[in-house]
Amino acid sequence: MDSGLRGKTALVTGGSSGIGRAIALALAAEGVDVAVASRDPCQEVLGEIRASGVRAVRLCKDLREEAQVVSMVNETVSAFGHLDLYVNNAAWHWHEPITRMTTDGWLNTLQINLLSCAWTCREVGAHMIVRRQGSILIVGSTAQYNPAYGEAAYHSSKAALASLMQTVAIEMAPYGIRVNMLVPGSFPTRLNPVNAERVELIKRDIPLRRLGRPEDCGPAAVLLLSDRLSPYTTGAELVIGGGIHLRPFVRLSDDNLIALNTQTGGPQ
């Protein structure tokens with residue numbers, strides 16, 4: 001089915017690896033010019049995008065800095081002339097038990113996972129409003145449904161990201177701009193490295209009994225970004241997790257849980 005995306009332009013943050021890369025390549029395959037932003041976008045990804053016969057732009061940005069977020073959007077618009085699609089995928093974590101939490105850990109988590117999205121939606125939204133068209137896709141996490149030990153900052157940032165998406169959706173709707181959320185489950189990426197032993201443990205929590213593959217997210221992203229395939233969808237969350245959000249997480253013994261907040265040495 002034709003997505004109707006050919007000839008459009010996109011900005012993908014965190015697009016040099018994992019889920020972001022898969023989404024960037026899926027858009028390129030649909031004929032979309034793609035700007036990839038991260039702290040160090042690799043040339044290999046740009047080559048893969050260009051192999052689809054579209055333009056690729058490399059943006060080296062630290063999205064914890066507001067000024068760099070603003071320049072990222074401006075440089076994308078300058079390169080392409082306009083921006084049709086925005087994919088917010090950049091994320092990271094600084095996991096800490098609550099009694100050992102640090103201000104730096106929380107600020108870093110909130111800046112990259114939440115504030116950078118808010119800043120970019122502000123800049124992208126203002127550009128799209130003038131043209132009265134566009135589509136925004138925010139990549140969340142099933143962490144927003146299932147809290148995990150030691151992940152207070154990460155869980156909070158992803159839950160807040162869903163609330164942000166809803167507000168942006170209702171504010172952009174009068175201009176015909178749709179805003180949705182893709183919610184991946186457990187995917188082995190740079191953000192979420194897993195060893196073989198942990199894989200088997202995690203798979204027991206997933207009804208489909210496998211971890212996600214980044215390419216599982218590409219078609220879902222195309223679906224939500226396309227005005228032809230999802231013309232009446234905004235403010236929605238599409239979970240791509242093999243059913244993991246339906247299962248409880250019990251991965252630590254009581255002794256392990258107690259040890260989390262009784263270790264000595266203060267914040268780390």
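The values are calculated or read from the model by the stated rules, or taken from the named source; none is laboratory data. What you see is a predicted model; the values in this text were computed from it and never measured. Backbone-built Cβ (ideal geometry, glycine too); neighbour counts: all protein chains shown.
Could you list, ordered by first residue, the pairs with Cβ atoms under 6 Å in which the first is in region 232-257 and surrounded by 13 or more Cβ atoms within 10 Å (Cβ to Cβ) and in a helix (DSSP H, G or I) and the second is of a type in the set (Ser, Thr, Tyr) and modelled with pLDDT under 70, at least 6 apart or interchain?
none
Please go through (1) in contact with a Phe, Trp or Tyr (Cβ under 9 Å, 6 or more places away or on another chain); (2) crowded, with 24+ Cβ neighbours inside 10 Å; (3) touching a residue at least 60 places away in the same chain (Cβ under 8 Å) for SER116 and return the number of the only condition it doesn't satisfy.
Condition (1) is where SER116 drops out.
May I ask you to list the residues in region 86-104 that are under 19 Å from GLY140 (Cα atoms) and more than 14 Å from the chain's Cα centre (by Cα)?
Filtering region 86-104 for residues under 19 Å from GLY140 (Cα atoms) gives 86-95.
Across region 86-104, the qualifying residues are TRP94, HIS95.
For the subset of region 32-65 comprising residues that are β-branched (Val, Ile, Thr) and touching a Lys or Arg at 6+ places or on another chain (Cβ under 7 Å), which member is farthest from ALA221 (Cα to Cα)? Outline the logic, then answer.
Taking region 32-65 as the starting set, the residues that turn out to be β-branched (Val, Ile, Thr) are 32, 34, 36, 45, 49, 54, 57.
Filter again for touching a Lys or Arg at 6+ places or on another chain (Cβ under 7 Å), leaving 32, 36, 45.
Details: VAL32: 13, VAL36: 15, VAL45: 18 Å.
Filtering first and then ranking leaves VAL45.
Here is a yes/no grid of residues against (1) modelled with pLDDT under 95; (2) in contact with a His (Cβ under 6 Å, 6 or more places away or on another chain); (3) crowded, with 23+ Cβ neighbours inside 10 Å:
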| residue | (1), (2), (3) |
| --- | --- |
| SER3 | no, no, no |
| ILE23 | no, no, yes |
| GLY53 | no, no, no |
| CYS60 | yes, no, no |
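Take the residues in region 1-20 that are outside any loop (DSSP other than H, G, I, E, B) and in contact with a strand residue (DSSP E or B) (Cβ under 8 Å, 6 or more places away or on another chain); name whichever of them is farthest from ARG58 (Cα to Cα).
Filtering first and then ranking leaves ILE19.
Assess whether VAL73 counts as being assigned to a helix (DSSP H, G or I), crowded, with 18+ Cβ neighbours inside 10 Å and modelled with pLDDT of 95 or more. Before you say what the answer is, go through the steps one by one.
Values: assigned to a helix (DSSP H, G or I): yes; crowded, with 18+ Cβ neighbours inside 10 Å: yes; modelled with pLDDT of 95 or more: yes.
Yes; evaluated as a whole, the condition is true for this residue.
Sort out for me the strands (runs of 3 or more DSSP E) sitting completely within region 77-192 that have 1 or more residues that are of a type in the set (Lys, Arg) and farther than 21 Å from LEU25 by Cα.
On the way: elements: 85-88, 135-139, 178-184.
By residue number, 178-184.
Specify which of the listed residues (GLY7, GLY14, GLY18, GLY31) is within 12 Å of the chain's Cα centre (by Cα), farther than 15 Å from LEU224 by Cα and surrounded by fewer than 24 Cβ atoms within 10 Å (Cβ to Cβ). Steps first, please.
On the way: GLY7 fails: within 12 Å of the chain's Cα centre (by Cα); GLY14 fails: surrounded by fewer than 24 Cβ atoms within 10 Å (Cβ to Cβ); GLY31 fails: within 12 Å of the chain's Cα centre (by Cα).
Within the list GLY7, GLY14, GLY18, GLY31, the selection yields GLY18.
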